[in-house]
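Read the structure below first, then the notes.
The values are calculated or read from the model by the stated rules, or taken from the named source; none is laboratory data. As the structure is a prediction and not an experimental result, all values here were calculated from the model. Cβ: placed from backbone, ideal geometry, glycine included. Neighbour counts: every protein chain shown. Areas reflect the complete protein model, heavy atoms only, side chains present, ligands, DNA and RNA absent. Shrake-Rupley method; radii C 1.70, N 1.55, O 1.52, S 1.80 Å.
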Amino acid sequence: MRRLPLARLLLLGLLAAGCGGDEASGPSKADPVPEQTAKLFAYDQAAPLDVTEGETVDDVAYTIVGMSFRSTGGDRVSGIVVRPRILKPGAAGVIFMHGSGGTRADFLDEAVMLASRGAVAMTIDSPWSRSPKQDVQAGYADDPTTRRLMLTNVRDLRRGLDALVDHWDVDPARLAVVGYSMGVQAAGLAASLDPRVKAVVLMAGRAHPSGPKGQRQPIFEQLDTVRFVPHLAPAHVLLQGGTKDTRIGRPEMEELYKATSEPKEIRWYPADHGLGLRSQRERIAWLSAELGL
């Protein structure tokens, strides 16, 4: 779980009370996810998003907004949107997916950086983090519940992209998805299924979240990230890994990179699972270049 500077946490505190589309056309995937697999993540794209906005914090260059929208899982997706103070139609849009044990606050600092450059950036809570059940929040849900939440997480990200386009007038040809740690799975799957996504960042994530062969693998192997990243094209992909990461070994990140469709690149940092500030600077610069910020 990433930690925010104190100033960002104070900003977030002001938002706590306020958080609670149709899919636009885009370029076709050169190698789409097989239809039977894609059906697992199908959702009603005409269903109302019912976006609500809560308390806001204004800065000279950007506005932070607490918000929520309807999830396909039956609850509401809580999140934060950071947008330029003067929002012009056709801005770029970025959505962040945090890792295990994280929340929508984890990438608020990076959302602010991108909004200061003209993008609309969204961070959302995963279905695990917004569950009222402590065992689910801690990652100890039973297999059927875990699988259901995995599918919901992917749909939530795509609904978030819908909200960026439909509610905040983001250009559907200038969308990016960023995933960290456990969030790499949901981000990679969502981006592989959504032809609107132009850029993808996968940070310190597993190629095989299902783990080694055993009792759970037959249940979750179908959803392994490595099965979906070959279908990210034509989106550009940046993978980032830490050479001192004891959670995600370098061989697994290299396997994920090898499976990922072109165009792609992988960058290594002398850091642990958090990857460090250099990775953040390079991530923001890469997204800015890819999205024309």
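Using modelled amide H (1.01 Å from N, peptide plane; none on Pro or chain starts), what sits under 5 Å from the amide H of His236, excluding residues fewer than 5 places away?
Amide H neighbours of His236, under 5 Å, 5+ apart: Ala199, Val200.
Highest first, please rank the peptides 110-116, 66-72, 147-153 by the mean number of other Cβ atoms sitting within 10 Å of their residues. If you can, show how the numbers build up before the last one.
Numbers: 110-116: 23.3, 66-72: 21.7, 147-153: 19.7.
Ranking, from highest mean packing down: 110-116, 66-72, 147-153.
According to the Kirkwood expression over distinct Cα-Cα pairs, how big is the hydrodynamic radius of the stretch 244-293, in Å?
12.2
For the stretch 157-266, what number results from the quotient of the Cα radius of gyration and 2.2 N^0.38 Å?
1.08
Pop the C-beta distance of Arg85 and Arg250 into the FRET formula with R0 = 30 Å and round what comes out to the nearest 0.05.
FRET efficiency, Arg85 to Arg250: 0.10.
Once a ≥ b ≥ c are taken as the square roots of the eigenvalues of the Cα gyration tensor of the chain, is the result rounded (a/c under 1.5), prolate (a/b larger than b/c) or oblate (a/b not larger than b/c)?
Because its axes are fairly even, with a/c under 1.5, the chain counts as rounded.
Residues of the chain: accessible area per residue at 1.4 Å, in Å²?
Per-residue value: 42 Å².
Hey, can you rank 48-58, 176-186, 160-170 by average C-beta count inside 10 Å, highest first?
Descending mean neighbour count gives 176-186, 160-170, 48-58.
How large is ³J(HN,Hα) for each residue in the stretch 272-282, as worked out from phi by the Karplus curve 6.51 cos²θ - 1.76 cosθ + 1.60 (θ = phi - 60°), to whole Hz, x for Gly and Pro?
Residue by residue, the stretch 272-282 yields 8, 4, x, 6, x, 5, 4, 5, 5, 4, 5 Hz.
Under a crude label model (7 Å from the Cα following the beta-carbon direction), how far is Gln217 from Asp142 in nanometres?
Result for the modelled spin labels: 2.5 nm.
How much of the accessible area of the stretch 41-99, probe 1.4 Å, is carbon plus sulfur, in whole percent?
The nonpolar share, carbon plus sulfur, comes to 49 percent.
If I model a spin label at Gln36 and Glu53 as a point 7 Å from the Cα along the Cα→Cβ vector, what separation in nanometres do I get?
About 4.5 nm separates the two model spin labels.
Principal axes first, then extents: for the Cα atoms of the stretch 113-207, list largest minus smallest coordinate on each axis, whole Å, largest first.
The principal-axis extents, from largest down, are 40, 28, 24 Å.
Please state, as a whole number in µm²/s, the translational diffusion coefficient that the Stokes-Einstein equation yields for the stretch 201-293 at 10 °C and 1.306 mPa s, with Rh defined as the Kirkwood radius across alpha carbon pairs.
114
Tell me the carbon and sulfur percent of the accessible area for the stretch 185-287, rounded to whole percent, probe radius 1.4 Å. Show your work: numbers first, answer last.
Values: 2200 of 4220 Å².
That share works out to 52 percent.
Which value in nm describes the separation of the simple spin-label points at Ala289 and Arg267, placed 7 Å from the Cα toward the beta carbon?
0.8
Can you list residues from other chains, or at least 5 along the same chain, whose modelled amide H is less than 5 Å from the amide H of Gly274?
none
Could you pull out every one of the lysines with an alpha carbon less than 29 Å from that of Lys88, ignoring same-chain neighbours closer than 8 positions?
Reachable lysines: Lys29, Lys198.
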